[in-house]
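The values are calculated or read from the model by the stated rules, or taken from the named source; none is laboratory data. Source: prediction; values computed, not measured. Every residue, glycine among them, receives a Cβ derived from its backbone with ideal geometry; neighbour counts consider all protein chains shown. Calculation scope for accessible area: heavy atoms of the full protein, side chains included, ligands and nucleic acids excluded. Shrake-Rupley method; radii C 1.70, N 1.55, O 1.52, S 1.80 Å.
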Amino acid sequence: GAGVSQSPSNKVTEKGKDVELRCDPISGHTALYWYRQSLGQGLEFLIYFQGNSAPDKSGLPSDRFSAERTGGSVSTLTIQRTQQEDSAVYLCASSQGGPRHTDTQYFGPGTRLTVL
Amino acid sequence: DAKTTQPNSMESNEEEPVHLPCNHSTISGTDYIHWYRQLPSQGPEYVIHGLTSNVNNRMASLAIAEDRKSSTLILHRATLRDAAVYYCILRLPYGNTPLVFGKGTRLSVIA
């Protein structure tokens, strides 16, 4: 079946521009996560949506980062006034939202963002 | 989530078994042990998880020490496609929160 998809796969932008990254989760998954992975670094949590609850934004590195999830499905991560340190692979994952010990997360292929 | 410790890298010959260790000495009684792996240029994928008993699935086996302070992911016959970074992650059974990834172990498989 269809997995998590992300678009675009690659994005090159100039410093100071805004970018939007899109995530289409697996149909029926109530939980959606955004992570990022900088060159040589581990995966870093950014934001988490669960059903209709308020999102957990505790991982967002600055107020330039925001995300929304419309209709409990598609999510968009927006980075305003991009900086070079924002260059990374942005990964989206979704899960059924069940108990943590069985709540397998399914990851998309990621969007590679390069800020010049 | 409790901290895990893994070797930075390991190497294996193709068709040989691979044992990837993970130490989690501060594990609590209710923490589950999850393994994910990340193939080159891909997002992470789930491998296996367990609580106390050893677990087997089509991808791998998970051996959990009796005191639960360590575990070992076992790939029975490594293939070139198993070259990836393997992450050992502890998770509480309740609530829904993000995965906390450490540095993981980079597995190289030699033909």
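Data overview
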| read-out | value |
| --- | --- |
| Cross-chain or 6+ apart pairs with Cβ under 8 Å, segment A:53-68 first and more than 18 Å from A:Thr30 (Cβ to Cβ), then assigned to a loop (DSSP other than H, G, I, E, B) and open to solvent by less than 60 Å² (accessible area, probe 1.4 Å) | A:Gly59/B:Pro98; A:Arg64/A:Thr82; A:Arg64/A:Gln83; A:Ser66/A:Leu60 |
| A:Tyr33, sole failed condition from (1) over 11 Å from the mean Cα position of the chain (by Cα); (2) more than 16 Å from A:Ser87 (Cα to Cα); (3) at the interface with another protein chain (Cβ under 10 Å from one of its Cβ atoms) | (1) |
| Given (1) part of a loop (DSSP other than H, G, I, E, B); (2) more than 9 Å from chain B (Cβ to nearest Cβ); (3) under 30 Å from B:Thr105 (Cα atoms), index of the condition A:Ser27 fails | (3) |
| Qualifying positions in segment B:38-54 - at pLDDT 95 or above and away from every other protein chain (no Cβ under 11 Å) | none |
| Selection count where residues are within 13 Å of chain A (Cβ to nearest Cβ) and either closer than 13 Å to B:Trp35 by Cβ or modelled with pLDDT of 95 or more (or both), scope segment B:85-111 | 13 |
| Residue check for B:Ser61: of a type in the set (S, T, N, Q), in contact (Cβ under 8 Å) with a residue 40 or more places away in the chain and more than 14 Å from every other protein chain (Cβ to nearest Cβ) | no |
| Where A:Leu43 falls short, out of the listed (1) facing chain B (nearest Cβ under 9 Å); (2) more than 15 Å from A:Tyr90 (Cβ to Cβ) | (2) |
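To keep it simple, each residue is scored yes or no on (1) part of a loop (DSSP other than H, G, I, E, B); (2) open to solvent by 40 Å² or more (accessible area, probe 1.4 Å); (3) at the interface with chain B (Cβ under 10 Å from one of its Cβ atoms).
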site: A:Gly3; (1), (2), (3): yes, yes, yes
site: A:Lys11; (1), (2), (3): no, yes, no
site: A:Lys17; (1), (2), (3): yes, yes, no
site: A:Ile47; (1), (2), (3): no, no, yes
site: A:Ser53; (1), (2), (3): yes, yes, yes
site: A:Pro61; (1), (2), (3): yes, yes, no
site: A:Ser66; (1), (2), (3): no, yes, no
